Structure formats: structure tokens, C-alpha cells
Amino acid sequence: MDELTIARSLFGSSLAFHIIFATLGVGLPFMILISEIIYQVTGDRDYTLMAKRWTKAQAILLGVAIPSGTIVGVQLSLLWPRFMEVVGEVIALPFQIELFAFFIEALFMSIYVYAADRLSPVSRIASVFLVALGGGASAVLITSANAWMNTPTGFETSDGQITNVQPMQAFFNPSFPSAALHVLVSAWMTGAFVIAGLAAWRLLRRKQGYREVRYHQKALMMSLAVGGIMSLATAWNGHAAGQVLYEYQPEKLAAAEGHFETQAYAPLALGGVVDLEKGELVGAIKIPWMLSFLADNRFDAVVKGLNDFPRENWPPFYVHTLFNLMVGIGTLLMILSLVSWIIKWRRRHREALPRWLLWILSSTGILSMLAIEFGWIFTCSGRQPWTVYHYQRTAESVTRATGLGLWFVLFISLYILLFIGTILVMRSYFKRHPLQDEWKQIQAHPTERRW
Amino acid sequence: MNDPLLAISLVWLFVFIYAILGSVDFGAGFWSMFYTRKRDTQAGSIANRFLSPTWEVTNVFLVLLVVSLVGFFPAAIYTFGMALLIPGSLVLILLTIRSAFMVFHYSVQRFRDTLDLVSGVTGVLIPALLVSILPILAGGFIDPDTHMLQVGKLFTSPVTYAYLAFGLASELFLSATFLADYSREADDESTYQVFRKHAVRLGPFTLLTAVLTTLLMGQEAVWLREHLLDQRLWFILSSLCFFIGYLSLFWRPRDGNKARGIPRLAFTLFIAQYALASFAYGRAHLPYLVYPYLTVEGSITNPEMLRYLLISFMIGMAILVPGFYYFWRLFLKDKRYLHQQ
């Protein structure tokens with residue numbers, strides 16, 4: 001492997017690892033906030049218990065999220081110094097502001113975790129709200145920088161020098177609104193489905209008390225409701241994101257669709273593999289006229305094909321598969337939540353969802369996380385060969401330092417170690433703090449103030 | 001003050017804040033390991049009690065430092081990135097292991113010994129790596145052709161070790177003084193005595209290593225030593241702070257039941273001592289960011305971006321200061337937290 005490939009693999013792995021924890025860092029506090037609010041409305045203690053247990057999980061995840069975020073932040077400068085020069089000149093603002101969001105998240109997470117017993121219910125909910133706000137704002141701000149890489153605006157170039165910088169124009173670049181919303185709602189969706197998946201998995205256990213079944217049932221239905229709504233929002237907003245591609249990054253849209261010939265009434269391709277020899281997509285199901293319609297709300301919209309672009313600017317073709325997988329999972333999750341709620345509604349008097357459905361639902365957490373990963377790999381690989389679209393190539397932005405292979409091995413080992421560590425610690429914590437113990441504690445202190 | 005000077009002053013401020021917070025944070029990790037086997041004192045657990053909620057916040061300052069450097073001095077990133085790839089990556093790995101273990105330990109109350117070992121060892125290694133950046137920036141260790149760090153030369157040069165000795169002595173000295181003050185705040189006089197003793201022993205050593213570093217500096221960076229000597233006045237003021245602070249460790253407090261020393265005053269003066277000295281070091285380092293490749297003037301970002309960055313800093317700080325205050329009250333002031341067993 002050449003150094004560029006190693007640098008890309010190393011940084012890609014760092015991001016792929018961090019994104020798991022970052023996504024949950026946005027999604028879980030949102031779920032915690034919702035269950036704290038549901039408790040305030042219903043007075044059902046099970047919901048505070050959920051909030052409490054998810055907070056413990058979140059605190060463990062944050063122990064990995066913060067350092068892995070630090071790695072990504074510093075590695076950007078270490079591996080892509082030429083890119084960061086441009087960032088500093090044009091798009092430094094969201095990075096800077098993101099830091100304050102990060103501060104708020106870290107401060108109030110510490111407060112929520114280490115001082116929860118000394119806080120009033122109002123301060124407790126305020127703290128978790130600020131954690132959710134900080135996490136969400138971080139995601140939106142970082143997405144602004146990423147969106148700018150796809151649709152760079154707010155600067156001009158003359159003789160290779162950057163001039164006339166407009167920081168606000170760079171910040172609010174064309175793909176920022178749709179991309180930021182996409183990241184936010186898909187993170188809320190993933191937080192919900194990870195909980196739904198775990199709750200469904202718990203419900204599959206045969207030997208457990210009525211109270212535990214009820215508890216997991218509540219968690220499952222609540223997270224399916226949130227997840228269903230958010231997956232709908234993600235899909236609707238993904239459509240807007242696609243239209244931004246049509247307008248600003250036609251190569252990426254063409255690669256995502258395996259679309260070679262420029263044409264009106266273009267079909268939407270599902271599945272299939274690109275055959276580079278023939279220059280076409282093989283084995284795909286094509287829905288006539290659909291791509292044109294999705295791209296510009298008109299069937300006669302002309303969608304540019306890859307043949308119109310110089311070959312050295314073509315993105316890699318696996319992005320078509322990634323794109324399909326991402327959309328496919330999103331659609332599946334949407335249908336699953338809907339089906340579950342319909343079944344639940346029709347079986348009002350019986351408690352549990354059927355076991356076959358629980359089996360399927362137990363995979364939703366992993367599926368939604370995979371969709372997040374596919375989505376990020378799609379958007380970053382689909383931008384290739386550019387780091388900053390039509391301005392800086394990835395090969396130009398990489399460090400000239402050699403010997404990156406060693407770091408690749410070290411960091412990958414670190415990520416594996418942390419991943420295993422996180423799972424072990426989670427298991428150990430929840431094994432030593434079973435639900436029954438928590439209920440005993442609640443019985444000992446039955447009054448919990450509401451506001 | 002012109003723009004580059006304003007920007008570098010802000011970066012200096014972040015370096016300084018992180019140096020102090022980092023010293024206390026990493027030093028607490030070291031002391032916690034040092035006292036882990038000696039169950040008869042509370043020293044280890046006092047250090048840990050401080051560490052649990054604060055490391056996340058300290059860590060953010062490190063990122064703040066990197067981000068503000070990228071924002072203010074984008075043209076410097078290439079040189080920094082090339083030169084600091086190795087120490088930077090090592091710091092990242094160690095920092096990650098340390099943070100993860102802190103949280104893992106807090107969550108499951110297991111691996112106590114492993115945690116103490118990890119946070120103790122990284123509590124020495126991370127500051128050492130960070131301090132080694134100073135001689136790199138002062139020049140002589142970057143290959144002029146490839147711009148890569150000459151690791152072998154860096155770690156065989158006596159001046160590097162002088163920097164390291166000074167850095168580590170300062171870290172342990174500052175954290176011992178801080179923990180002495182923290183123990184007094186927790187009304188734990190016996191632990192106070194333990195940390196006071198360390199502060200008293202380490203104090204003169206920090207001064208000695210500082211002088212040694214300046215002497216050895218001439219090998220690689222004569223320019224910096226000459227500039228430093230021009231800043232005599234600042235260093236004299238800094239030493240004055242040290243002497244008064246050091247003396248205050250021997251004064252009797254008003255409350256006759258307490259042991260010798262006024263740690264709050266001492267710690268405040270020591271911070272002033274380091275602020276003055278590092279300010280002087282920073283001034284002497286001008287106009288270079290990285291000698292002789294980068295100057296402050298030559299690396300500054302465009303005025304438009306600078307304006308926006310400064311505005312966002314002011315707004316951000318205005319929002320954060322109440323948060324910091326609340327945090328400080330909960331963990332450094334609240335007797336319910338300080339007195340728990």
C-alpha cells in the first residue's frame with residue numbers, strides 16, 4: 001500500500017470508530033431526555049429508571065467518545081496538513097464553535113454523572129438537556145465543515161492563493177442545511193433503534209418476571225415510536241440531500257446511481273454492480289423515470305451521467321452499493337416500526353409482540369449503526385478524488401511523512417481494544433446492577449419529586 | 001497590539017491554561033498511583049476524587065489548543081503536522097487509553113490496580129511527550145529537507161532531557177501543591193501534610209532544572225537563550241513569586257489547629273510564577289512559531305476569518321464561564337462531594 005492509501009485507511013478507521021460513539025452521544029441523550037419528560041407526564045417510575053440506566057451507558061460511551069473525538073481532531077492536522085491549511089483559512093469557524101458545544105457537553109455530562117445525587121430534578125433535566133444540546137450542536141457544526149468539503153463556497157482563488165474569504169458564506173454552504181439535518185435526525189433514529197434492539201433482545205429471554213417484561217416493553221415501544229418518526233424524517237430529508245447532489249455534485253449522484261449516460265427521464269437503479277469494461281450498471285432493477293423525478297421533481301429533468309466527466313474525476317463505484325444499503329436499511333427500519341406499532345395496537349390485550357418480530361427487531365440497533373457507517377463512507381468516498389470538491393485533491397492534501405503503516409497498526413489495535421473493553425464494561429455494569437435491585441431502591445425511596 | 005500578536009497571545013493563554021490544568025490532572029494520576037499501595041493514607045483517593053469529574057474538561061482544553069492553532073495560524077499546520085506526527089500520535093494513543101480506563105473504572109469499580117498503573121504511567125509519559133514539543137519548536141531537530149522530526153537526535157540530546165526534567169518536576173510540584181490545597185479544603189490534614197511535604201521537596205528542584213535547561217539550550221538554540229536573557233525582568237518577578245509562595249508553605253495559618261502552610265496562597269503564587277515565566281518564554285520565542293521555518297506574522301490567517309474567530313471566542317466564553325463556575329462549585333467547593341468516603 002502507498003502512504004496515501006494508508007493515510008486514508010487510518011483516518012477512515014478513526015472516523016468509523018468515532019462515529020459509533022459520536023452518533024450514540026447525540027442519540028442517547030435525546031432518548032434520556034424523552035424518557036425524563038415522559039416520566040414528568042405519566043409519573044411512571046420505569047421511565048426515570050430507563051433514563052438512569054441509559055445515562056450510565058452513556059457515561060461509559062463518553063469515556064471513548066471524547067478521546068476518539070480528540071484523535072480525529074488532532075489526526076486531521078497530522079495526516080492532512082495541506083487540507084487543514086485550507087480549513088484554517090476558510091472554514092475554521094464551525095470547528096471553533098464546535099469546541100464550545102463540546103465544552104458544554106463535557107461539563108454537564110460530568111455534572112449529570114458525578115453529581116446526580118446532589119441535583120434537584122429540574123437541574124438534572126436541565127443538565128441532560130444541555131448534554132443533548134451540546135452533542136447535537138457538535139454534530140451540526142462538524143457537519144458544516146464536512147458539507148463545505150462537498151460544496152465549498154465563501155472564497156476565491158487567484159494564483160493558487162485563497163482570497164476574499166467570507167466565513168459565513170463558507171459556514172452556510174449549499175449542502176449544509178440538508179446535511180446537518182440528515183446527521184441529526186439519523187443520529188436520533190440510531191439512538192432509538194439501538195435501544196429498541198437491546199429491549200427486543202431482552203424480551204426474547206424466556207425466564208423473567210412480569211415487571212421486567214413490562215419495563216422492556218415500554219422501552220421498546222417508546223424507542224420504536226421515536227425511531228420510526230426519525231427514520232421517516234431521515235428519508236424525507238435524504239431526498240432533499242439528493243437534490244443538492246443533483247445541483248452541486250453531479251458526479252457523486254451519478255456514481256451513487258451507477259448512471260453513465262446523460263439523459264432525461266432517467267431511471268432509478270436498485271442493486272447491481274458497475275461493469276467498468278462496458279461502462280454500465282449490470283444486474284440492477286430499474287424504475288423508469290424515477291431518478292429524474294427524485295433529482296428535480298420533474299420526469300424530464302436531465303441527469304448528467306459519468307461519461308460527461310473526465311475519468312480521473314470519477315468516484316469509486318462501490319459507493320452505489322453503499323448508497324443502496326443505506327437507503328434500504330432506512331426503509332426497512334421505517335416499515336418495521338410501523339408494523340410493530342400496528343401489531344401492538346391490534347393485540348391490545350396481549351402483552352408481548354410475537355417472537356419472530358422480536359427476533360427481527362433485535363437486529364435494528366446494529367442495522368441502523370451500519371446505515372450510519374455506510375452513509376458516511378458513501379459521502380466521503382463519493383467525494384473522491386477530491387478532499388475539497390473541485391479545489392483540492394486528496395493526494396495533494398496528505399502528509400509527506402512516511403512510516404504511517406506502524407501508526408495504522410497501533411491505532412487499529414487501540415480501537416479493537418477499546419471496543420472490546422466497552423462491551424465488557426457494559427456487560428459487567430448491567431450484570432451487577434440488575435433491574436430488581438433498582439426497584440428495591442425505588443421502594444426504599446418511593447418519593448421522587450416531579451416539577 | 002496587531003492581529004498576529006493578539007492571536008498568538010490567545011494561543012499562549014490556552015497553552016498556559018492547559019499546562020496548569022494538565023499538570024494538576026496528570027500529576028493527580030501519578031500521585032494516585034504512588035499512594036495506591038499505601039492504604040493507610042487517603043492521598044490516593046483524594047487524588048482520584050478530584051480526577052474523576054475533571055479530566056473530561058481538561059481534555060477539551062487540549063482540543064481547544066489544536067483548533068485555535070489551526071484557525072489562527074493555518075499556514076503553520078503543515079510544518080506542525082510533519083514535525084509532531086510521532087509525539088502527537090503517541091500522546092493520542094496514551095490519552096485514549098487513560099481516559100477509557102478512568103471511565104471504565106468509575107463505572108464498574110473494578111480494575112482498580114490497573115487503573116492506578118495506567119493513569120500513573122500515562123500521567124508521566126503524556127506530559128513528557130508534550131514538553132518535548134518545546135525543544136522541537138526551538139529548532140535543531142527538524143530535518144530541513146524532509147521536514148520530518150529527527151527522533152533519534154531529539155532523544156539523544158541532553159537539552160531534551162533538561163526540558164523533560166523541568167517539565168516533570170513542574171508537573172509534580174504544581175499538582176502536589178494543588179492537592180495539598182484540595183485536601184485542606186476537604187479538612188483532611190494528614191493528607192495535606194503528605195502533599196505539602198512533596199511540594200516542599202520538589203520546589204527547589206524545579207528552579208534548578210529551569211536553570212539547567214537554559215544553560216543547555218545553547219547547544220541547539222542559541223537564539224532562544226539570548227532572547228531569554230533579554231527577558232530577565234520577567235524571570236526575576238517569576239522567581240519572586242516562587243520564593244514568597246514557597247515561604248507561605250511554612251507560615252502558620254490563623255486557625256491554630258491546622259498544620260503549617262497556607263496552600264491556597266502558595267498555589268496562587270505558583271500559578272503566577274509559571275504565568276510570568278511562560279509569558280517571558282513566549283515573548284522570547286517571538287517572532288518564531290517553529291524556528292527557523294515559521295514566524296507568527298507569516299502564518300496568520302486572513303483578517304476576515306480572524307475577526308469571526310475572535311467574535312465566536314467572546315460569545316463562547318460568555319456562555320461557558322457560568323458553566324465553569326457551576327462545575328467548580330459542585331466539585332471543588334461542595335463539602336458533600338469533598339467529604340465523601
Practice task
Restrict the check to region A:387-399 and report whether at least one residue is of a type in the set (D, E, K, R), out of contact with any Leu (no Cβ under 6 Å at 6 or more places or on another chain) and open to solvent by 20 Å² or more (accessible area, probe 1.4 Å).
Solution key: yes
Completion exercise
Residue pairs qualifying under the 8 Å Cβ cut-off, at least six apart or on distinct chains, with the first in region A:153-177 being under 17 Å from residue B:312 (Cα atoms) and free of Cβ contacts under 8 Å to residues at least 24 places away in the same chain and the second being of a type outside the set (Ser, Thr, Tyr) and surrounded by fewer than 19 Cβ atoms within 10 Å (Cβ to Cβ), are A:166/B:304
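What about residue A:11, is it part of a helix (DSSP H, G or I), aromatic (Phe, Trp, Tyr) and open to solvent by 30 Å² or more (accessible area, probe 1.4 Å)?
On the way: part of a helix (DSSP H, G or I): yes; aromatic (Phe, Trp, Tyr): yes; open to solvent by 30 Å² or more (accessible area, probe 1.4 Å): no.
Taking the combined requirement at face value, the residue does not satisfy it.
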Completion exercise
Over region A:77-109, the set of residues in contact with a strand residue (DSSP E or B) (Cβ under 9 Å, 6 or more places away or on another chain), in a helix (DSSP H, G or I) and more than 7 Å from chain B (Cβ to nearest Cβ) is A:83, A:86, A:90
Handout entry: Of all residues making up region A:110-125, the number that are open to solvent by 10 Å² or more (accessible area, probe 1.4 Å) and facing chain B (nearest Cβ under 7 Å)
Key = 2
Fill in the blank from the handout: Flagged in region A:389-418 as away from chain B (no Cβ under 11 Å) and free of Cβ contacts under 8 Å to residues at least 24 places away in the same chain, in numbering order, are A:393, A:409, A:416
Problem - The one condition in (1) loosely packed, with under 15 Cβ neighbours inside 10 Å; (2) in contact (Cβ under 8 Å) with a residue 24 or more places away in the chain that residue A:346 fails to fulfil - result: (2)
Practice task
Give just the number: which of (1) surrounded by fewer than 22 Cβ atoms within 10 Å (Cβ to Cβ); (2) closer than 28 Å to residue B:106 by Cα; (3) hydrophobic (A, V, I, L, M, F, W, C) does residue A:6 not satisfy?
Solution key: (2)
Practice task
Might you check whether a residue that is out of contact with any Ser or Thr (no Cβ under 8 Å at 6 or more places or on another chain), under 22 Å from residue A:146 (Cα atoms) and open to solvent by 10 Å² or more (accessible area, probe 1.4 Å) occurs anywhere in region A:219-233?
Solution key: yes
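Could you check region A:63-76 and list, in sequence order, the residues that are of a type in the set (A, V, I, L, M, F, W, C) and either facing another protein chain (nearest Cβ under 7 Å) or more than 21 Å from the chain's Cα centre (by Cα) (or both)? Spell out how you get there, then give the answer.
Going residue by residue through region A:63-76, those that are of a type in the set (A, V, I, L, M, F, W, C) are A:64-66, A:71-72, A:74, A:76.
Answer for region A:63-76, where residues must be of a type in the set (A, V, I, L, M, F, W, C) and either facing another protein chain (nearest Cβ under 7 Å) or more than 21 Å from the chain's Cα centre (by Cα) (or both): A:64, A:66, A:71, A:74.
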Exercise for the section: Among the candidates B:168, B:95, single out the residue that is facing another protein chain (nearest Cβ under 7 Å) and part of a helix (DSSP H, G or I). Expected result: B:95
Handout entry: Single unsatisfied condition, residue A:369 versus (1) at pLDDT 85 or above; (2) open to solvent by less than 20 Å² (accessible area, probe 1.4 Å); (3) in contact with a Phe, Trp or Tyr (Cβ under 9 Å, 6 or more places away or on another chain)
Key = (2)
Problem - Qualifying strands (runs of 3 or more DSSP E) (wholly inside region A:230-328; at least 2 residues being touching a helix residue (DSSP H, G or I) at 6+ places or on another chain (Cβ under 7 Å)) - result: A:268-270
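Within region A:303-318, can one find any residue that is polar (S, T, N, Q) and surrounded by 16 or more Cβ atoms within 10 Å (Cβ to Cβ)?
Initial filter on region A:303-318 (polar (S, T, N, Q)): A:307, A:313.
Retained after the next criterion (residues that are surrounded by 16 or more Cβ atoms within 10 Å (Cβ to Cβ)): none.
Within region A:303-318, none of the residues are polar (S, T, N, Q) and surrounded by 16 or more Cβ atoms within 10 Å (Cβ to Cβ).
Please indicate, with yes or no, whether at least one residue in region A:31-53 is more than 20 Å from residue A:412 (Cβ to Cβ), within 14 Å of chain B (Cβ to nearest Cβ) and part of a helix (DSSP H, G or I).
Restricting attention to region A:31-53, the residues satisfying the condition of being more than 20 Å from residue A:412 (Cβ to Cβ) are A:31-53.
Cutting the leftovers down to within 14 Å of chain B (Cβ to nearest Cβ) gives us A:52-53.
Still in the list and also part of a helix (DSSP H, G or I): A:52-53.
The answer is yes, given that some residue of region A:31-53 is more than 20 Å from residue A:412 (Cβ to Cβ), within 14 Å of chain B (Cβ to nearest Cβ) and part of a helix (DSSP H, G or I).
How many residues are part of a loop (DSSP other than H, G, I, E, B), open to solvent by 20 Å² or more (accessible area, probe 1.4 Å) and not hydroxyl-bearing (Ser, Thr, Tyr) when one looks only at region B:123-165? Spell out how you get there, then give the answer.
Applying the first criterion (part of a loop (DSSP other than H, G, I, E, B)) to region B:123-165 yields B:132, B:139-141, B:143-148, B:150, B:155-157.
Applying the additional criterion that residues be open to solvent by 20 Å² or more (accessible area, probe 1.4 Å) yields B:140, B:143-148, B:150, B:155-156.
Restricting the remaining residues to those that are not hydroxyl-bearing (Ser, Thr, Tyr) gives B:140, B:143-145, B:147-148, B:150, B:155.
Residues in region B:123-165 being part of a loop (DSSP other than H, G, I, E, B), open to solvent by 20 Å² or more (accessible area, probe 1.4 Å) and not hydroxyl-bearing (Ser, Thr, Tyr): 8 in total.
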Handout entry: Members of region A:420-433 that are more than 10 Å from every other protein chain (Cβ to nearest Cβ) and under 14 Å from residue B:103 (Cα atoms)
Key = A:423
Fill in the blank from the handout: Flagged pairs (Cβ under 6 angstrom, 6 or more apart or on separate chains; first in region A:419-443, of a type in the set (D, E, K, R); second assigned to a helix (DSSP H, G or I)) are A:438/A:49
Exercise for the section: Could you check how many residues of region A:59-75 are in contact (Cβ under 8 Å) with a residue 40 or more places away in the chain, of a type in the set (A, V, I, L, M, F, W, C) and open to solvent by 10 Å² or more (accessible area, probe 1.4 Å)? Expected result: 4
Exercise for the section: Output yes when any residue across region A:192-207 is touching a Leu at 6+ places or on another chain (Cβ under 6 Å) and among the charged types (D, E, K, R), and no when none is. Expected result: no
Exercise for the section: Could you tell me whether any residue of region B:46-59 is within 7 Å of chain A (Cβ to nearest Cβ), part of a helix (DSSP H, G or I) and at pLDDT 80 or above? Expected result: yes
Fill in the blank from the handout: Looking across region A:144-201 at residues that are within 14 Å of chain B (Cβ to nearest Cβ), in a loop (DSSP other than H, G, I, E, B) and touching a strand residue (DSSP E or B) at 6+ places or on another chain (Cβ under 8 Å), the single one that is surrounded by the fewest Cβ atoms within 10 Å (Cβ to Cβ) is A:164
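The values are calculated or read from the model by the stated rules, or taken from the named source; none is laboratory data. What you see is a predicted model; the values in this text were computed from it and never measured. So basically every Cβ, Gly included, is an ideal-geometry build from the backbone, and we count neighbours across all protein chains shown. These area figures cover heavy atoms from the full protein model, side chains too; ligands, DNA and RNA do not enter into them. Shrake-Rupley method; radii C 1.70, N 1.55, O 1.52, S 1.80 Å.
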